[in-house]
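The values are calculated or read from the model by the stated rules, or taken from the named source; none is laboratory data. Everything numeric in this text was worked out from a predicted model, so none of it was measured. Quick reminder, even Gly has a Cβ in these numbers, built from the backbone with ideal geometry, and neighbours come from all protein chains shown.
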Amino acid sequence: MRLSLPLKLVLGAALLVLYAPIAVLIAFSFNAGRRVSVWQGFSFDWYVRAANDARLIEAFGNSLTIAAIATVISTLLGTATAIALWRFSFRGKSVLFGLLGVPVVVPEICLGVALLIVFARTGLMTALPYPASLLPIALAHVAFAFPFVAIVVRARLAGFDPRLIEASRDLGAGEWATLTRVLLPLLRPAMVAGALLAFTLSLDDFVITFFTTGPGTTTFPVLVYSMVRFSVTPEINAASTVLIAVTLALAALAYKFQKPST
Amino acid sequence: MNENWRKHRGAFASLLGPGLAMLAFAIVVPMALMLALSFSEQRGLTQVAFTGTLASYARALEPLYLGVVAQSVWISLATTIATLAIAYPVALAIALAPPKRRDLLLLLVVLPFWTNLLVRTYALIIVLSPTGLLYTPVAVVLSLVYVSLPFAVLPLYAQLERLDRRLLEASRDLGASAWTTFRRVMLPLTAPGLAAAAVLVFVPTLGSFLQSDLLGGAGTQMIGNVIERQFKSANDWPFGSALSFLLVYATAGVVALASLARAKRR
C-alpha cells in the first residue's frame, strides 16, 4: 500500500490545525497594538512589558523553583522506588504498582481537590510565609511526577544484567558502593530523561497547582488562567512564547537523553 | 532480580520507604479524607461533621446535576468520536510513510503536547474568537479534540504499524472494495488500538474542567466545573468530595470495562 493523496491531505491538515493556533499566538506576541487578533505592526513592546511585570516575573520564578524542587525529589524517589521494585520480591508489590498508577489514571481534578483538603486541614496552604509556601506545592507535584520517573527508570532496569550487581558484591563492594558506583552510573540516562519529564510535567501543571496554591502564591499557568479570564493582552502571548521556547529546549534535551536507552 | 527483602532489610527500607511515605502523604491520606468528607455534613462555613450521611450523593442525583453529568458525557463522547475520526487517518498516514520520516512525523504530532496546556487553550481562544464559536459547547469540544489528538494518535500508530499489510492486499485481491477491506479487515484488526485510544481520550476529557471553564461560557458546564465551584466558591466540600468520588468511580469503570473487553478478545 502506498500513502494515498487523501491520507496525505488529512495528515497535512491535522498538522496545520495543531500548529496554527500556536503560530498565531507567537505572531501576535510581536503585535504593536493591544489586540490579539488584529495585526497592528511589529514591535517587541510586549516582551519589554512582560519583563517589567513584577507579577509575571514572580510567577515565572515560582514555576521554575517549584519545578526544580519537584524534579530533584521526584528523581530520587522515582529511582529508589524503581530499584526497589526491580530488586526485591515482597508482598503487596502489585498493590504498590496500583498506587503508582493512581496519579496517572485518576482525573487530575480529583487528586487536586483531595490535596486541597489535606493542605487546608493541616494549614499547609496558609501557614507558611512566601518562599516556603512553594514547598507544599512542589510536594504535590512530586506526587504525580515521581511515578513517571519510576516508570522510565524501571524500563531501563528491565534490560539490566543482575550479574553486574553480584560481581560488585563478590569484589567486596557494600550496598552503598554497589548503588553509587555500579547501578546509578548505568541508570544515568534514564534518570536524566525522567528528571526532564518531571520538570516538564511540573512546569506544565495547572490543575493540581490551581487547587493547592494559597492566596498570594501564584505560578505561571495559574497567572495565565487569571489573565485570560480578566484581560487578554499580547503580554500573555509574549510570556507564553518564552515558556514555549523553554519547554521545547527541555523536550529536545529529554529526547536526546532518552534515545540511547531505547 | 528477585531478592528476599528480609535478607536486606536496611536497603529495602531505605529504597522503598521514601516512595511509600510520599504515596501515603499525597495519595492515600488525601483520598481517604475526601472519602470521609463525602459522607459528612457541612455545618457552617468551615465546620464539617462526619455523620455517614448519603445526602451529598443524593444531591448529585438532582435534575440540575444530572443535566451536568449528561452534558459532560455528551461532550466527552463527541470529543472521543471526533478525535478518533481524525487520529485514525493521521496514524495510518504516519504508519504508511517511509520509515525514515515516521519518527519525525510522530514527533510533530506529539510536540504540541509539550507546550503548556494553558498556553494551548489560550491560543485556541485567540483563533476561535473571530469565528463566533467561542463560549459554546462546540468550542469546548474543539479544544478538547485539540488537546487529546496526540493521546489518540500514539496507540493507533502502534497498532497500525504492526498491521500485516498482506492481509489488506489479500482482501483486495479477493475482490473486496477498499471500503469493505477497511470495515471487515482493517477495523477489526485495529480494534484494540482504537479501544485504547478511546479510553485515553474519554477518561481525561470526562474529568476536564479548564476547557469548559474558559471556552464554554455560561451554558456549558461539566462535572469538573461543579466540583471546582464546591471547593473554590460555593464552599460545600462534602458535595464536592462526593462528586469527585463519583468521577473517580466513572473513570475506574471505563478503564475496567476496556480491560475486560481486551481480556475477552484474547
Exercise. What tally of residues in region A:1-37 results from selecting those that are in contact with a strand residue (DSSP E or B) (Cβ under 7 Å, 6 or more places away or on another chain) and closer than 17 Å to A:Val242 by Cβ?
Worked result: 1
Problem set entry | Selection from region A:225-248 of residues that are surrounded by 23 or more Cβ atoms within 10 Å (Cβ to Cβ) and of a type in the set (A, V, I, L, M) | A:Ile236, A:Ala238, A:Ala239
Problem set entry | Wholly enclosed helices (runs of 4 or more DSSP H) of region B:1-109 bearing at least 1 residues within 8 Å of chain A (Cβ to nearest Cβ) | B:9-23, B:29-38, B:63-96
For this session: Considering every residue within region B:211-232, establish whether at least one is of a type in the set (Asp, Glu), at pLDDT 90 or above and under 30 Å from B:Val48 (Cα atoms).
Result: yes
For this session: Can you give me the number of residues within region B:145-166 that are out of contact with any Leu (no Cβ under 9 Å at 6 or more places or on another chain) and either hydrophobic (A, V, I, L, M, F, W, C) or not assigned by TED's automatic domain parsing to the domain that holds B:Ala97 (or both)?
Result: 2
Exercise. Quick one: A:Ala195 ticks every box in (1) more than 12 Å from every other protein chain (Cβ to nearest Cβ); (2) farther than 26 Å from B:Ala26 by Cβ bar one, so which box is it?
Worked result: (2)
For this session: Kindly indicate the residue of region A:174-205 that is acidic (Asp, Glu) and within 24 Å of the chain's Cα centre (by Cα) and also surrounded by the fewest Cβ atoms within 10 Å (Cβ to Cβ) among those meeting that condition.
Result: A:Asp204
For this session: Of the numbered conditions (1) modelled with pLDDT under 90; (2) assigned to a helix (DSSP H, G or I); (3) surrounded by 18 or more Cβ atoms within 10 Å (Cβ to Cβ), B:Pro130 fails exactly one; give the number of that condition.
Result: (3)
Seminar exercise, completed: By residue number, the members of region B:249-266 that are without any contact (Cβ under 8 Å) to a residue 12 or more places away in the chain and within 11 Å of chain A (Cβ to nearest Cβ) are B:Tyr249, B:Ala252, B:Ala256
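Pick from B:Ile75, B:Ile94: which is over 18 Å from the mean Cα position of the chain (by Cα) and either more than 30 Å from B:Leu160 (Cβ to Cβ) or buried (at least 20 other Cβ atoms within 10 Å of the Cβ) (or both)?
So the residue among B:Ile75, B:Ile94 that is over 18 Å from the mean Cα position of the chain (by Cα) and either more than 30 Å from B:Leu160 (Cβ to Cβ) or buried (at least 20 other Cβ atoms within 10 Å of the Cβ) (or both) is B:Ile94.
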For this session: Identify all residues within region B:44-72 that are of a type in the set (D, E, K, R) and loosely packed, with under 11 Cβ neighbours inside 10 Å; write none if there are none.
Result: B:Glu62
Problem set entry | Scan of region A:205-233 for residues that are in contact (Cβ under 8 Å) with a residue 12 or more places away in the chain, more than 10 Å from chain B (Cβ to nearest Cβ) and either touching a His at 6+ places or on another chain (Cβ under 6 Å) or closer than 25 Å to A:Ser43 by Cα (or both), ordered by number | A:Thr233
Exercise. When you look at B:Leu134, is it touching a residue at least 60 places away in the same chain (Cβ under 8 Å) and out of contact with any Asp or Glu (no Cβ under 9 Å at 6 or more places or on another chain), yes or no?
Worked result: yes
Seminar exercise, completed: Checking A:Ala70, A:Ala27, A:Ala23, A:Ala82 in turn, the sole residue that is part of a helix (DSSP H, G or I), more than 7 Å from every other protein chain (Cβ to nearest Cβ), exposed (fewer than 14 other Cβ atoms within 10 Å of the Cβ) and among the aliphatic types (A, V, I, L, M) turns out to be A:Ala23
